[in-house]
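Q: Supplied in structure tokens, the structure appears directly below.
The values are calculated or read from the model by the stated rules, or taken from the named source; none is laboratory data. No experiment lies behind these values; they were computed from the predicted model shown. With ideal geometry, Cβ positions are generated from the backbone for all residues, glycine too; neighbour counts draw on all protein chains shown.
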Amino acid sequence: MNKPMRVVVYARTEQPQAEELVRQMFDLLKFVTANGYTLAGNLQESTGDQSANRPRLLEILEYLRSGKADAIVVQKLPRISTDPEQLYCYLCDLQDARAKVLTTDSDIHEDLFHKGVGNQLLSRAARHALPLPWEEGVRK
């Protein structure tokens with residue numbers, strides 16, 4: 001029998017909005033439970049999107065690199081970053097850690113290709129024999 005995927009959930013807002021963070025976290029935890037995943041951690045922060053200073057996201061990357069979790073769960077990719085260059089860098093870090101990104105409120109494929117990073121990640125995976133940093137077939 002396969003072990004359930006261990007996930008860390010990440011909620012983020014650009015401005016301090018406690019109600020929005022609580023709502024996001026509730027929805028993320030509901031998704032984790034509904035899909036039978038094991039919760040390895042939950043972190044949240046309020047940062048302006050242009051800021052690369054995301055201490056909680058960096059903490060999650062350490063969870064994933066160390067093998068304490070297999071995936072990060074976010075509402076949608078812009079919760080990681082709306083800046084395509086920053087998003088690509090974070091997704092490369094996830095890819096290097098052989099971790100997955102799961103989204104609850106959007107189609108990750110649309111988000112990736114709309115941001116222009118989907119093909120870059122596919123090429124990178126092929127060049128370096130890395131897994132794709134998203135989970136195929138996961139829907140809310």
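Table: residues versus (1) among the small types (Gly, Ala, Ser); (2) assigned to a loop (DSSP other than H, G, I, E, B); (3) farther than 26 Å from residue 128 by Cα.
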| site | (1), (2), (3) |
| --- | --- |
| 15 | no, yes, yes |
| 20 | no, no, yes |
| 23 | no, no, yes |
| 33 | no, no, yes |
| 45 | no, no, yes |
| 60 | no, no, no |
| 89 | no, no, no |
| 93 | no, no, no |
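Q: Applying the selection to the stretch 95-117, what residues are free of Cβ contacts under 8 Å to residues at least 60 places away in the same chain, assigned to a loop (DSSP other than H, G, I, E, B) and under 19 Å from residue 56 (Cβ atoms)?
A: 97, 99, listed by residue number.
Q: Turning to a different aspect of this structure: Out of everything in the stretch 74-87 that is under 12 Å from the mean Cα position of the chain (by Cα) and over 21 Å from residue 39 (Cα atoms), what residue ends up being modelled with the highest pLDDT?
A: Filtering first and then ranking leaves 87.
Q: Something else about it: From the list 68, 3, which one is without any contact (Cβ under 8 Å) to a residue 60 or more places away in the chain, assigned to a loop (DSSP other than H, G, I, E, B) and surrounded by fewer than 17 Cβ atoms within 10 Å (Cβ to Cβ)?
A: Numbers: 68 fails: without any contact (Cβ under 8 Å) to a residue 60 or more places away in the chain.
Of 68, 3, the one residue that is without any contact (Cβ under 8 Å) to a residue 60 or more places away in the chain, assigned to a loop (DSSP other than H, G, I, E, B) and surrounded by fewer than 17 Cβ atoms within 10 Å (Cβ to Cβ) is 3.
Q: Within 24 Å of residue 113 (Cβ to Cβ) and among the hydroxyl-bearing types (Ser, Thr, Tyr) - does that describe any residue in the stretch 61-76?
A: No.
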